[in-house]
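The values are calculated or read from the model by the stated rules, or taken from the named source; none is laboratory data. Because the structure is a prediction, the values reported are computed rather than measured. Cβ sites come from the backbone with ideal geometry, for glycine too, and all protein chains shown count toward neighbours.
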Amino acid sequence: MMKSDKPLVVFLGPAYPYRGGIASFSNRLAQEFNNQDWQSLVYTFSLQYPDFLFPGKTQFSTEEQPSNLEIKRAVNSINPFNWIAVGNELNKLAPDLIVVRYWLPFMAPAFGTILRLAKRNRKTKVICIADNIIPHEKRFGDTLLTSYFKGSVDGFIAMSEQVMTDFNTLNINHPKALLPHPLFDHFGEKVDQQLARTKLTISHEGGLLLFFGFIRHYKGLDLLIQAMSDERVKKLNLKLVVAGEFYEDEEKYRALVNTLGLKEQVLFFNEFIPDDQVPLFMSAADVLIQPYRHATQSGVTPLAMHFDLPMIVTDAGGLKEIVIDKESGLVVEKTSESIATGIVTFFTQEKEHFVKVVKEQKIKYSWLNMYQGITELLSKL
């Protein structure tokens with residue numbers, strides 16, 4: 001790494017060549033710090049999850065490495081000797097700031113150890129951006145692991161009121177800030193809807209709903225499929241596109257579709273959606289739908305906003321903080337009946353009203369705002 005008079009920030013967590021929303025976030029935020037005259041260095045994993053613990057098909061992106069980023073694959077999540085080596089390396093490097101992502105207690109031993117060692121230089125400050133401080137799928141020992149991790153952090157950032165509340169639940173009394181998840185703006189622009197459907201081989205002239213992202217129980221896809229069988233919804237000539245990789249048993253969802261007689265109405269794209277395909281799915285749809293049983297925030301929500309796509313979301317966690325009910329979309333209860341009512345309401349109203357509000361609302365979700373919030377918190381540590 002070349003020496004520089006600029007302040008140095010290290011990002012610790014998922015980044016290229018790993019795939020997914022958190023990795024994309026890390027890449028983009030590092031670029032924003034570079035834009036603001038910092039020097040960014042990204043420390044990501046040499047091993048993120050052992051293969052037997054990863055529920056998807058692959059952990060790695062097929063995209064090209066982001067330009068102008070220095071990324072080092074250094075962290076082995078299960079090797080304590082590696083944690084010591086990386087922690088000592090960061091201690092010697094002495095960055096002004098380390099920004100660490102926390103989304104799963106599994107990472108607490110590695111990150112907590114690395115950060116404790118890194119801070120021994122008495123210069124480096126650590127700010128955590130917490131996607132979830134209490135995980136969606138709880139396991140024995142989560143609280144103990146998170147307690148170990150929080151002892152290595154100087155300040156916390158939440159991207160939803162739900163996570164701020166969770167901080168208090170876990171007695172996290174560090175300096176903290178609430179900053180909204182910025183829009184993912186590196187996927188390009190919206191394309192013509194009919195062209196997008198043609199490229200995706202979706203031959204449908206009616207309304208199209210989109211469920212986007214990996215599938216797990218807490219995301220409520222089964223509730224949405226049940227809603228599609230509602231007689232009120234059936235009359236509207238709608239189709240549902242499910243675009244994302246299954247992180248649990250796919251067959252139970254397909255069986256539900258078959259049982260409800262929805263084989264022609266529900267289209268599965270069971271794969272991780274590469275960057276160049278994202279604009280097609282977002283442009284082909286009329287509305288994004290997030291029927292989550294519980295949530296903190298979701299990177300899919302600001303992604304939809306980037307493409308001016310209205311949303312129907314359940315009243316789960318931070319989802320309802322971003323979607324303005326009856327303005328930029330609809331907020332419904334976490335039941336199949338309520339989701340069905342939301343679908344009917346959306347498709348019997350003027351869509352352009354929702355689109356207009358989304359365009360107005362998305363201005364405040366900038367990466368500059370995230371950068372400024374982080375540096376303001378840093379000044380208080």
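Of all residues in the stretch 308-347, those being assigned to a strand (DSSP E or B), of a type outside the set (Val, Ile, Thr) and closer than 24 Å to Val191 by Cβ number 2. Restricting attention to the stretch 304-329 and to residues that are touching a strand residue (DSSP E or B) at 6+ places or on another chain (Cβ under 6 Å), over 15 Å from His294 (Cα atoms) and not aliphatic (A, V, I, L, M), the residue that is modelled with the highest pLDDT turns out to be Pro310. Identify the residue in the stretch 162-176 that is of a type in the set (A, V, I, L, M, F, W, C) and outside any loop (DSSP other than H, G, I, E, B) and, among all such residues, is surrounded by the most Cβ atoms within 10 Å (Cβ to Cβ). Across the stretch 162-176, the extreme among qualifying residues is Val163. Taking the criterion of being among the aliphatic types (A, V, I, L, M) and under 12 Å from Leu69 (Cβ atoms), the residues of the stretch 17-43 that qualify are Ala23, Leu29, Ala30, Leu41, Val42. The set of residues in the stretch 83-106 being under 17 Å from the mean Cα position of the chain (by Cα) and either surrounded by fewer than 20 Cβ atoms within 10 Å (Cβ to Cβ) or under 24 Å from Pro50 (Cβ atoms) (or both) consists of Val100, Arg101, Tyr102, Trp103, Leu104, Pro105. Step by step: first the residues of the stretch 41-60, then only those that are among the aliphatic types (A, V, I, L, M) and at pLDDT 75 or above, then the one that is farthest from Ile215 (Cα to Cα). Which residue is that? My answer is Leu41. Among the conditions (1) farther than 30 Å from Tyr365 by Cα; (2) modelled with pLDDT under 95; (3) in contact with a Gly (Cβ under 6 Å, 6 or more places away or on another chain); (4) not aromatic (Phe, Trp, Tyr), Met2 misses just one, which is (3). Thr201: more than 27 Å from Thr124 (Cα to Cα) and over 24 Å from the mean Cα position of the chain (by Cα), yes or no? Yes: the conditions hold for Thr201.
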